[in-house]
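A short worksheet on the structure shown next.
The values are calculated or read from the model by the stated rules, or taken from the named source; none is laboratory data. Keep in mind the model is a prediction, meaning the values are calculated, not measured. No Cβ is skipped: glycine too gets one built from the backbone with ideal geometry, and neighbour counts run over all protein chains shown. We work out accessible area using only protein heavy atoms, side chains counted, and drop any ligands, DNA or RNA first. Shrake-Rupley method; radii C 1.70, N 1.55, O 1.52, S 1.80 Å.
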Amino acid sequence: MLKPISLEKILFSQGFGTRRYCSDLVHAELVKVNGALAHDPDERITPENLILNVEGLDWEFHEKAYIAFNKPPNYECSHKTTHHPSVYSLLPKPFVERGLQCVGRLDFDTTGLILISDDGQFIHRMTTPKKNIGKVYEITTPEPITSSQIDHLLNGVVLDDDPKPCSATACELLSEHTLAMTIVEGRYHQVKRMMAAVGNHVARLHRSAIGQYTMPADLKEGEWRWLYPQDLSLLSKSVDAE
């Protein structure tokens with residue numbers, strides 16, 4: 001159970017500004033705690049199950065932030081972008097202020113599930129191939145996908161920058177031109193290069209699942225949601241877990 005801490009520190013920890021600014025928010029009567037207007041920034045509050053409202057924005061307290069985000073096309077997974085806007089521009093400002101980072105990256109034209117967090121250990125755990133956590137990509141191709149191409153993907157292809165074969169852990173043909181492929185690595189442009197290596201081409205790429213967590217059907221492009229313990233448990237399950 002979390003220990004009571006001052007409201008000012010709670011607001012600061014959630015990314016609502018400097019401690020002085022957070023104190024000023026309370027004095028300006030712009031903060032509610034579990035629906036009640038707050039008056040004292042030094043009031044000690046138990047953070048567990050805490051719902052804040054800051055300048056009209058409802059906010060759940062989370063000691064560490066874990067969110068699922070449905071990335072739209074033509075956004076970059078970077079704070080310092082080159083040619084396209086950042087995915088962080090689509091998130092509430094407190095997330096940026098508290099230093100959330102994408103867990104791995106998707107190419108600017110790739111859509112779908114991406115995790116964002118400020119927990120460094122979680123980010124490392126979810127990105128290392130040693131944990132055998134699969135990422136499922138739905139691949140749309142201009143040319144029909146053949147059984148020999150699928151066999152090749154499963155058996156392993158050699159990419160031009162690494163003599164070690166790179167293989168899919170699972171492939172499911174969804175239609176003549178659509179393949180759901182699971183990989184546990186995250187090399188540069190890996191899926192696109194694997195498809196090119198077997199003689200096809202990626203026209204559209206969408207990530208639909210990580211581990212055993214599938215992106216909710218009602219999470220629209222550009223939207224996010226908190227991840228809870230049951231979600232984190234699904235995310236951490238390897239592709240061969242029952």
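Observations on the model:
- Taking every protein chain into account, the 1.4 Å probe leaves residue 151 with about 80 Å² of accessible area, to the nearest ten.
- Value of [θ]222 nm, deg cm²/dmol, for the chain, DSSP H segments ≥ 4, -39500 (n - 2.57) each, nearest 500: -5500 deg cm²/dmol
- At most 15 other Cβ within 10 Å, DSSP loop - GluC sites (Glu not before Pro), segment 1-108: 29, 43, 48, 55, 63
- Modelled this way, with points 7 Å down the Cα-to-C-beta line, the labels at residue 80 and residue 230 are 4.2 nm from one another.
- Using the Cβ of residue 123 as centre and a radius below 13 Å, the other residues enclosed give a net charge of +2, where K and R count +1 and D and E count -1.
- Seen from residue 147, the other residues with C-beta closer than 15 Å to its C-beta sum to a net charge of -4, counting Lys and Arg as +1 and Asp and Glu as -1.
- Ligands, DNA and RNA aside, residue 228 has an accessible area near 80 Å² when probed at 1.4 Å.
- Within segment 178-203, backbone nitrogen closer than 16 Å to the virtual label 7 Å beyond the Cα of residue 160 toward Cβ: 188-202
- In this simple spin-label approximation, residue 127 and residue 217 carry label points 7 Å from Cα along the Cα→Cβ vector, and these lie 3.3 nm apart.
- Gap separating the Cα centres of segment 104-137 and segment 41-79, nearest whole Å: 20
- Rounded to the nearest 20, the size of the Cβ-charge dipole of segment 1-133 about its Cα centre is 600 debye, with Lys and Arg at +1 and Asp and Glu at -1.
- Rounded to the nearest 20 debye, dipole of the chain from Cβ charges on Lys, Arg, Asp, Glu: 500
- Principal axis dimensions, largest first and in whole angstrom, of segment 42-147 by Cα: 64, 33, 22
- Largest-first principal axis extents, alpha carbons of segment 9-94, Å: 45, 24, 20
- Extension gain, residue 5-residue 148: 0.36 nm per intervening residue step, less the Cα-Cα distance, totals 45.4 nm.
- The number of Lys pairs in segment 65-183 with C-alpha atoms less than 30 Å apart, excluding pairs fewer than 8 positions apart on the same chain, is 13.
- When the residues 214, 110, 46 are ordered by accessible surface, computed with a 1.4 Å probe over the protein chains alone, the sequence from largest down reads 214, 46, 110.
- Taking a sphere under 14 Å around the Cβ of residue 174 and counting the other residues whose Cβ falls inside, with K and R at +1 and D and E at -1, yields a net charge of -2.
- Across the options 70, 99, 210, the greatest Cα extent toward the positive end of the charge dipole of the chain (unit charges at beta carbon of Lys, Arg, Asp, Glu) belongs to 99.
- Residues in the chain average 53 Å² of solvent-accessible surface per residue, probe 1.4 Å, ligands and nucleic acids excluded.
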